[in-house]
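Report on the following structure.
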Amino acid sequence: MNKKHLFNRRQTLLLGLGSIVSMSTLALGSTLKPQQASNHQKRNFAASGNLPLARRAAAKGLIYGAAVRKYALSSDAQLAARFTRECAMLVPEWELKWNFLRPKPNTFNFAPADWLAAFAQTHRMLFRGHTLVWHEPHALPEWFSIVNSQNARQILLEHIATVVGHYAGKIHSWDVVNEAISVKDGRSDGLRETPWLKFLGSDYIELAFRAAAKADPKALLVYNDYGLDYDTPEADAKRTAVLKLLKRLKSRGTPIHALGIQAHLSASETRFNPQKLQKFLSDVASLGLKILISELDVKDKELPVNINIRDRLVAATYEDYLSVVLDEPAVTAVITWGLSDRYTWISEFEARPDSLPVRPLPLDADINRKLAWNAIARAFDQAPKR
Ligand code: 9MR
């Protein structure tokens, strides 16, 4: 099948799934009609062989990895065994955020993140850093309230020098700035109103990248953001603002090397436009930047109760998304935001209204592969080599 046919086939599947999802949404809590159920059966998620995701990705010149929490990896032998088998990259989900890492203004606690870095090294996985500059109050220590326009520059530069310096030469990449765009905040440059912006002005982003490059000239330096995936007015505006930011940074010679697209997807979202997403990816690539799919997962909040149907729709979302983004050669890594449904932020932040366990990740809560795993495996197997 040539590319054009493949593309048309994907679109047909997608349109079909779109209507299934909207019907399923209506059918939330009830069983689907036989006709709807049989539409699901038409899609085949068979993956050939038993090779782990990391090996399939590597065969195409891609990196596959996942985010993980130290408490889970250190206490759950089943998870640890699967993690080392499936992943070629490890990202601390919590341990490199300010609230974990810097309990007091002058105290850094590297122990949990160092444990994860050592685990990655022992099992020959790459280690990736998340994140140096983020406004989210959940991820900031209480003492952050002392930061003001007089001390912000010094506190930020000290943080970056200390943390990036600590892992210099041993880390694949850093999310230097996270989620700095929020168009609805109303600024013409699209920048989010954060304490960093307030205290340091719009150049804080460039300042952070330059400090990171100084502390580790080898790490891949990434700007990371969400809400870039769908064909909605909000995502259109966000893609435009992110592209503008990246262009500005590049034109000023800022040492930025990649865009991280978080890709927290939703299985019930039907407004997916492959051409639009591909155009955005190629615009980013034409600036000389790599692209990482940095926090991939698929919410199943609005899907029916039935696990078979839910898993098929989640899998379809993974395969449709990845088959589009992996056509762009600048995409070099796919990282899921967790590996098993046993540990996922979605169970806390995007729970189902019926309180049933969520199923957003490649492995189920028993750490077994499920259809989402097959979908990712298939996307890697079909991806062009880079
Ligand atoms: O998954 C993370 C969750 O467990 C934390 O409580 C939260 C705050 O630290 O951050 C979550 O991860 C976020 C990531 O750091 C940035 N992009 C969005 C992720 C999901 O909210």
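Calculated mean residue ellipticity, 222 nm, the chain: -13500 deg cm²/dmol, from DSSP H runs (n ≥ 4) at -39500 (n - 2.57) each, averaged per residue and rounded to 500. Rg and Dmax of the chain, based on Cα coordinates, read 20.6, 66 Å.
Counting pairs of alpha carbon atoms under 8 Å apart in space and at least six apart in sequence, what relative contact order in percent does the chain give? Before the final figure, lay out the partial values.
Values: 672 pairs, mean separation 73.8, N = 386.
For the chain, the relative contact order is 19 percent.
Report the local net charge at Thr336: Lys and Arg +1, Asp and Glu -1, summed over other residues whose C-beta lies under 10 Å from its C-beta. Before the final figure, lay out each step's value.
On the way: positive: none; negative: Glu86, Glu295, Asp297.
Cβ neighbours under 10 Å give a net charge of -3.
Segment 107-168: which trypsin sites (Lys or Arg not before Pro) are DSSP loop and have at most 13 other beta-carbon atoms within 10 angstrom? The qualifying sites are Arg124.
Determine the shape class of segment 220-269: with a ≥ b ≥ c the square roots of the Cα gyration tensor eigenvalues, call it rounded for a/c under 1.5, and otherwise prolate if a/b is greater than b/c, oblate otherwise. Note, shape of segment 220-269 comes out oblate.
In a shell of Cβ-Cβ distance under 12 Å around Gln121, excluding Gln121 itself, what net charge do Lys and Arg (+1) and Asp and Glu (-1) give?
Numbers: positive: Arg124, Lys170; negative: Asp114.
In short, +1.
For the cross-link pairs Lys97/Lys170; Lys60/Lys214; Lys104/Lys247, the ones whose C-alpha atoms lie over 25 Å apart are Lys60/Lys214; Lys104/Lys247.
Would you mind working out the magnitude of the charge dipole of segment 216-315 relative to its Cα centre, with +1 at each Lys and Arg C-beta and -1 at each Asp and Glu C-beta, to the nearest 20 Debye? Before the final figure, lay out the partial values.
Working: 16 positive and 13 negative charges, 107 e Å.
Once rounded to the nearest 20, the dipole reads 520 debye.
A straight Cα-to-Cα reach below 12 Å connects Lys290 with the aspartates and glutamates Glu328, residues fewer than 8 places away in its own chain not being considered. Of all beta bridges that DSSP places with both ends in the chain, some 10 percent have antiparallel geometry.
Could you pull out every whole DSSP H run in the chain that spans at least 30 Å of Cα extent along its own axis and averages -1.0 or higher on the Kyte-Doolittle scale? The partial results should precede the final answer.
Working: long enough: 3-26 (34 Å, 0.19).
Counting only whole DSSP H runs, the qualifying helices are 3-26.
Straightening the chain between Arg271 and Ser149 buys 39.8 nm, computed as 0.36 nm per residue apart minus the Cα-Cα spacing.
Once you reduce segment 194-229 and segment 318-332 to the center of their Cα atoms, the two points are 25 Å from each other.
Here the label points at Phe349 and Glu234, each 7 Å from Cα along the C-beta direction, are separated by 1.4 nm in the simple model. Label-to-label distance for Asp114 and Ala365 is 3.6 nm, based on points extended 7 Å past Cα in the beta-carbon direction.
Laboratory data are not the source of any read-out in this text; all were calculated from the coordinates shown. What you see is a predicted model, and the numbers here were worked out from it, not measured in a lab. Cβ sites come from the backbone with ideal geometry, for glycine too, and all protein chains shown count toward neighbours.
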